[in-house]
Amino acid sequence: MGFTMQKISTPLLFLMSFLIASSGWILVPEQVKQLPEILAISVRFSIGALFLMAWDYFTNQDITPKLNYKLHLMLFTNGLLSFFLNYYLNYKAALYIPSGLIVVILSLIVIPTMILERFFYKKPITAPTLSGCVLGLLGISLLFFKDILALQFLSLEALYGIVLAFLSTLLSSLGYLLSKRLGGEMGLSSLKLCKYSMIYAGGFGSLLCLLNQDYITYSATLLQNTLPMLYLGVLVSAVIFVFIMELIKRVGPTNTSYLWTFTPIGAIFLSYLFEDFKITLSSFLGITCILVGGVLFKIPQTNPLKLNKGRFA
């Protein structure tokens, strides 16, 4: 059978996902500035899909269960939610609001994911989980409070960017829930789940780009950014999402989503090493809140909160 995801421990999966995602924050803003959103997404996930196809072939992964029409439709939907539409809205939002505010909104993914997992899977919402979520959001806000204060919330551009970022977060959350169904309930391997979802996302975006002749128009820019695009496509798309899909199967969508609250810590550390970032009191307090929130997320869920008994109980 060769290498399988089961050989990697859950803490190591989370750590590797954290490190890869942290580095992505440095490359993605430049990609957004230089390429149209749909072209950036299609190239990124097409590279990721090709890598996953090769990974699947050379490691000889189990191909059961066989894919039928229903599964292909669900994988197509997952590709749109988790990759294409999610990142399109995220990239669009980056044109209107600072990246720091996008990080704050992205970290909110734990809230809709927690609520949706409660609604669809009857997973209890516990006091430690809710406290960890609040601390994590407080920590993110402290890390990027300058971006938040500098934003003119009453401007139409800012409001438009905020709405786009929130919609991106909601679609990502729905993708997590669908991934749990495909991987946890229907038995698809994380690699197979991610491979087909990424094929559909990259293929759909590539079709739109071919119709718009974007590949021809921006061919020189793509050549100049070959290495960053390969890094984004292979590591920050293919590899990390296989890890994330596996984490969703093991610990659930809500716990996995807290990864995006941890990620800015790694990005700040890289900025400290390579971009002369200064650690301030607010950033130190923010990091502390995020870490404590992460610890609370791991407390055994023994005291579920009773929310709206008529609907959630």
Next on the checklist: Which trypsin sites (Lys or Arg not before Pro) in region 91-179 sit in a loop by DSSP (not H, G, I, E or B) and have at most 10 other Cβ atoms within 10 Å of their own Cβ?
Outcome noted: Lys122
Checklist entry - Can you give the extra length, in nm with one decimal, that the chain gains between Ile8 and Thr221 once fully stretched, where that is 0.36 nm per residue apart less the Cα-Cα distance? => result 72.9 nm
Checklist entry - What list of ³J(HN,Hα) couplings, whole Hz, do you get for region 245-251 from phi and the Karplus terms 6.51, -1.76, 1.60, once you set θ to phi - 60° and write x for glycine and proline? => result 4, 5, 5, 4, 5, 8, 10
Checklist entry - If contacts are Cα pairs under 8 angstrom and at least 6 residues apart, what is the relative contact order of the chain in percent? => result 38 percent
Checklist outcome for this item: Pseudo-spin-label distance Leu138 to Ser271, built 7 Å along Cα→Cβ, given in nm, is 2.2 nm
Next on the checklist: Using each residue's phi in region 87-92, evaluate 6.51 cos²θ - 1.76 cosθ + 1.60 at θ = phi - 60° and report the 3J(HN,Hα) Karplus result to the nearest Hz, with x for Gly and Pro.
Outcome noted: 6, 4, 5, 5, 5, 5
Checklist outcome for this item: For Thr126, other-chain or 5+-apart residues with amide H closer than 5 Å (H placed, Pro excluded) are Leu305
Checklist entry - Taking square-rooted eigenvalues a ≥ b ≥ c of the alpha carbon gyration tensor, is region 31-139 rounded, prolate or oblate, where a/c under 1.5 means rounded and, failing that, a/b exceeding b/c means prolate? => result oblate
Item to check | Kirkwood hydrodynamic radius (C-alpha pairs) into Stokes-Einstein, the chain, 4 °C and 1.567 mPa s, D in µm²/s | outcome: 64 µm²/s
Next on the checklist: List residues of region 93-107, by number, whose backbone nitrogen lies under 14 Å from a label position 7 Å along Cα→C-beta of Tyr160.
Outcome noted: 93-97
Item to check | Euclidean distance of C-alpha centroids, region 95-116 and region 211-229, integer Å | outcome: 29 Å
Item to check | FRET efficiency, Leu149 to Leu19 (Cβ-Cβ, R0 35 Å, nearest 0.05) | outcome: 0.70
Checklist outcome for this item: Note to self, the chain gives a 222 nm [θ] from helices alone (DSSP H runs n ≥ 4, -39500 (n - 2.57) apiece, / all residues, nearest 500) of -23500 deg cm²/dmol
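Read-outs throughout are calculated quantities, based only on the coordinates presented, and are distinct from any laboratory measurement. It should be emphasised that the depicted structure is a prediction, and the values quoted were computed from it without experimental measurement. In this analysis, Cβ positions are derived from the backbone assuming ideal geometry, glycine residues included, and neighbour counts consider all displayed protein chains.
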